[in-house]
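Asker: Please find one structure pasted underneath; my questions will follow.
The values are calculated or read from the model by the stated rules, or taken from the named source; none is laboratory data. It should be emphasised that the depicted structure is a prediction, and the values quoted were computed from it without experimental measurement. Counting neighbours? That spans all protein chains shown, and the Cβs are built from the backbone with ideal geometry, glycine included. For the accessible areas, the whole protein counts, side chains as well, though only heavy atoms, and no ligand, DNA or RNA atoms are used. Shrake-Rupley method; radii C 1.70, N 1.55, O 1.52, S 1.80 Å.
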Amino acid sequence: MSCSSGIRVLHDAPLSGPTNMARDEALLVCVGEGASPPTFRLYRWATPTISLGYFQHYADYERLPPPAGNLPVVRRQTGGGAILHDLEVTYSLALPATHPLVTARGPSQLYEMVHAGVLDVLDVLGVVASASGCGDDSGAARGPFFCFERRHRYDLLAAGGKIAGSAQRRTPHGILQHGSIIIGNRFAQQATAATATDASTALDTVQQSLPDALARVAGIDLEPGSWSARELELAGQLTAKYAGIEWTRRA
């Protein structure tokens, strides 16, 4: 499959934290197996939810005071700091390890590619943003509790605050990159930048416009698609994992 064809786009309605994480893992598995095409998914969260990075300690969440400390919590497949998902658009990109977008310049190039599309959409919203260009000393298991208080060279900043960031999970057969684009912030405990436009309108604009923006900046074709029965079945099985104590409190 060439770089210029065959990337499916999925739009999901707002879902619970466990369901969102289960669907991302199902895509990673199915795309890696070759059972599903490369996929770009856009989604939201049915209720404000905290996602812990893979290596973060659950005890850190337990020490988090209200109101954020009272929110539901899930654990991601990817590392980094916690994210308070609320007024945001979240995306995931699942590719086989042999896809040209991965092999041409390496997996890290995917950060630049997707974030270029995000910058394009933010510009439409009147948000002046740019890549951080440098990082701090945060790692997979160290740094501030919230991801948006950390800095990575590919993070997008606006007015000095972080407005978008991404992370990856790599397996021998596939790669999953997902990230958050902040539209509004109702929780002062997570310091972020945000768009200055009406949140409802901006959420719709970002979710609907990002695939076309990504196609323009990366020179790739993204085609509307739908979930397969196999993907939904696997996601349904994985939801119990992400809703369960064993996975959520594993660290």
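Asker: Which one of the conditions (1) without any contact (Cβ under 8 Å) to a residue 60 or more places away in the chain; (2) open to solvent by 30 Å² or more (accessible area, probe 1.4 Å); (3) of a type in the set (A, V, I, L, M) does I163 fail to meet, given that it meets all the rest?
Answerer: (2)
Asker: Looking at the range 235-251, which of the residues that are part of a helix (DSSP H, G or I) and charged (D, E, K, R) is nearest to T19 (Cα to Cα)?
Answerer: Only one residue tops the list, namely K241.
Asker: Of these, I175, I163, which one is on the phi < 0 side of the Ramachandran plot, in contact with a Pro (Cβ under 6 Å, 6 or more places away or on another chain) and either assigned to a strand (DSSP E or B) or at pLDDT below 95 (or both)?
Answerer: So the residue among I175, I163 that is on the phi < 0 side of the Ramachandran plot, in contact with a Pro (Cβ under 6 Å, 6 or more places away or on another chain) and either assigned to a strand (DSSP E or B) or at pLDDT below 95 (or both) is I175.
Asker: Next up: Applying the selection to the range 198-234, what residues are part of a helix (DSSP H, G or I), among the charged types (D, E, K, R) and farther than 18 Å from V121 by Cβ?
Answerer: Residues satisfying the conditions are R230, E231, E233.
Asker: Also, I was wondering about something else. List the pairs whose first member sits in the range 220-231 and is of a type in the set (D, E, K, R), whose second member is assigned to a strand (DSSP E or B), and whose Cβ atoms are under 8 Å apart, counting only residues at least 6 apart or on separate chains?
Answerer: D221/I7; E223/I7; E223/R8; E223/V9
Asker: Is it the case that the range 196-205 has a residue that's surrounded by 15 or more Cβ atoms within 10 Å (Cβ to Cβ) and closer than 30 Å to G34 by Cβ?
Answerer: no
Here's the yes/no breakdown for (1) free of Cβ contacts under 8 Å to residues at least 24 places away in the same chain; (2) within 30 Å of A196 (Cβ to Cβ); (3) aromatic (F, W, Y):
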site: S36; (1), (2), (3): no, no, no
site: R41; (1), (2), (3): no, yes, no
site: W45; (1), (2), (3): no, yes, yes
site: I50; (1), (2), (3): no, yes, no
site: L64; (1), (2), (3): no, yes, no
site: P67; (1), (2), (3): no, yes, no
site: R75; (1), (2), (3): no, no, no
site: G81; (1), (2), (3): no, yes, no
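Asker: A follow-up question, please. State whether one or more residues within the range 128-142 are over 17 Å from the mean Cα position of the chain (by Cα), at pLDDT 90 or above and of a type in the set (A, V, I, L, M).
Answerer: The answer is yes; a qualifying residue exists.
Asker: OK, next. Please report, ordered by residue number, the helices (runs of 4 or more DSSP H) entirely within the range 34-139 with at least 3 residues that are in contact with a helix residue (DSSP H, G or I) (Cβ under 9 Å, 6 or more places away or on another chain) and open to solvent by less than 50 Å² (accessible area, probe 1.4 Å).
Answerer: So the answer is 109-124.
Asker: Inside the range 178-197, can you point out the residues that are in contact with a Leu (Cβ under 9 Å, 6 or more places away or on another chain), in a loop (DSSP other than H, G, I, E, B) and not aromatic (F, W, Y)?
Answerer: I183, G184, N185, R186, Q189, Q190, T192, A193, A194, T195, A196, T197
Asker: Residues that are among the basic types (K, R) and open to solvent by 70 Å² or more (accessible area, probe 1.4 Å): does the range 231-245 have at least one?
Answerer: no
Asker: Is it the case that the range 146-154 has a residue that's open to solvent by less than 50 Å² (accessible area, probe 1.4 Å), under 23 Å from L222 (Cα atoms) and assigned to a loop (DSSP other than H, G, I, E, B)?
Answerer: yes
Asker: Something else: Conditions: (1) in contact (Cβ under 8 Å) with a residue 60 or more places away in the chain; (2) open to solvent by 20 Å² or more (accessible area, probe 1.4 Å); (3) among the hydrophobic types (A, V, I, L, M, F, W, C). A191 meets all but one. Number of the miss?
Answerer: Unmet for A191, out of (1) in contact (Cβ under 8 Å) with a residue 60 or more places away in the chain; (2) open to solvent by 20 Å² or more (accessible area, probe 1.4 Å); (3) among the hydrophobic types (A, V, I, L, M, F, W, C): (1).
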